[in-house]
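Notes to accompany the following structure.
The values are calculated or read from the model by the stated rules, or taken from the named source; none is laboratory data. What you are looking at is a predicted structure, and each value in this text was computed from that prediction instead of being measured. Glycine gets a Cβ as well: all are built from the backbone with ideal geometry, and neighbour counts include every protein chain shown. The accessibility values were calculated without ligands, DNA or RNA, using every heavy atom of the protein model including side chains. Shrake-Rupley method; radii C 1.70, N 1.55, O 1.52, S 1.80 Å.
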Amino acid sequence: MSWPAGYGRRVLAEIDSTNAEAARLAGSLAGPEWICALRQTAGRGRRGRAWANPEGNFAATLLTMPREAPQLVALRSFVASLALFDAFSAATGRVDGLALKWPNDVLLNGGKVAGILLESLGQRRGVAHLAIGIGVNLVAAPGADEVEPGALRPVSLLSETGVHVEPEAFLELLASAYAEHEARFVTYGFAPLREAWLARAARLGEVITARTGTAEITGTFETVDAGGNLVLKSSAGRQAIAAADVFF
């Protein structure tokens, strides 16, 4: 598989955090670049949570220079989710057991195998920068006691499928898939990505719980709207939720 044109590649033996490295590099690169660490010592997940990254797992960040309004830039979590789905499919030759969990996780056989973290890096030399951090449990997963209560069990690609993929090989699969979905997003907007994401969505049509910073909402997962919001139908009516942790 060839590396996608227009994307840089930087593979590091060890780094604190690929998102932190992206922040350090922002403003110094002419175009988007993938930053992959074979070992990450201070990885971060959503809401500042630690992200374990033992050797053999995948940690990378795509540093990009988006031109859209902030609400559209945030939709790249769906671009990254679809790219991850395709990379897993290419690595294993299968799609069964794979699902996408709103807003930015990938599930395998019901467990969490990958997560995405988007961070705005602000303006550097008049250009907006975005870090799309991706962590994948390729060979090992944290224990159930290492995640918050109620969270899905972590799983690894190796334990669930028996397939062993080296981080650099997975990077090539992911970068190629991301470039395809990014081109579709830029050309046609969010609509086709939304439909593709919903076709792969976990628990669509089922009762789930969304926890925001101030409330807990339980209802039927109806859809994701044109703005990327989670839409739940609860006893209080139909609600669109922009940001939350989802439990089921």
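Mind listing whichever residues of the range 149-191 are touching a residue at least 12 places away in the same chain (Cβ under 8 Å), assigned to a loop (DSSP other than H, G, I, E, B), of a type in the set (Gly, Ala, Ser) and surrounded by fewer than 19 Cβ atoms within 10 Å (Cβ to Cβ)?
Across the range 149-191, the qualifying residues are Gly150, Ala151.
Taking the stated definitions as given, is Arg200 in contact (Cβ under 8 Å) with a residue 40 or more places away in the chain and not β-branched (Val, Ile, Thr)?
So Arg200 passes the test.
If Val207 meets every condition in (1) surrounded by 14 or more Cβ atoms within 10 Å (Cβ to Cβ); (2) in contact with a Ser or Thr (Cβ under 9 Å, 6 or more places away or on another chain); (3) of a type outside the set (Gly, Ala, Ser) apart from one, which number is that one?
It is condition (1) that Val207 fails.
Could you check the range 223-239 and list, in sequence order, the residues that are free of Cβ contacts under 8 Å to residues at least 40 places away in the same chain, assigned to a strand (DSSP E or B) and open to solvent by less than 70 Å² (accessible area, probe 1.4 Å)?
If the condition is that a residue be free of Cβ contacts under 8 Å to residues at least 40 places away in the same chain, assigned to a strand (DSSP E or B) and open to solvent by less than 70 Å² (accessible area, probe 1.4 Å), then Thr223, Val231, Leu232, Ser234, Gly237, Gln239 are the ones that fit.
With the checklist (1) surrounded by 13 or more Cβ atoms within 10 Å (Cβ to Cβ); (2) assigned to a strand (DSSP E or B) in hand, flag the one item Ala140 doesn't pass.
(2)
Which ones in the range 192-222 are modelled with pLDDT of 95 or more and assigned to a loop (DSSP other than H, G, I, E, B)?
Ala199, Arg200, Ala202, Arg203, Leu204, Gly205, Glu206, listed by residue number.
Could you identify the single residue in Pro167, Pro142 that is of a type outside the set (A, V, I, L, M), in contact with a strand residue (DSSP E or B) (Cβ under 6 Å, 6 or more places away or on another chain) and modelled with pLDDT of 95 or more?
Of the residues listed, the single one that is of a type outside the set (A, V, I, L, M), in contact with a strand residue (DSSP E or B) (Cβ under 6 Å, 6 or more places away or on another chain) and modelled with pLDDT of 95 or more is Pro167.
Checking the condition assigned to a strand (DSSP E or B), out of contact with any His (no Cβ under 9 Å at 6 or more places or on another chain) and free of Cβ contacts under 8 Å to residues at least 40 places away in the same chain, which residue from Ile116, Ile134 passes?
Ile116
If you scan the range 112-127, which residues turn out to be in contact with a Pro (Cβ under 9 Å, 6 or more places away or on another chain) and crowded, with 18+ Cβ neighbours inside 10 Å?
Lys112, Val113, Ile116
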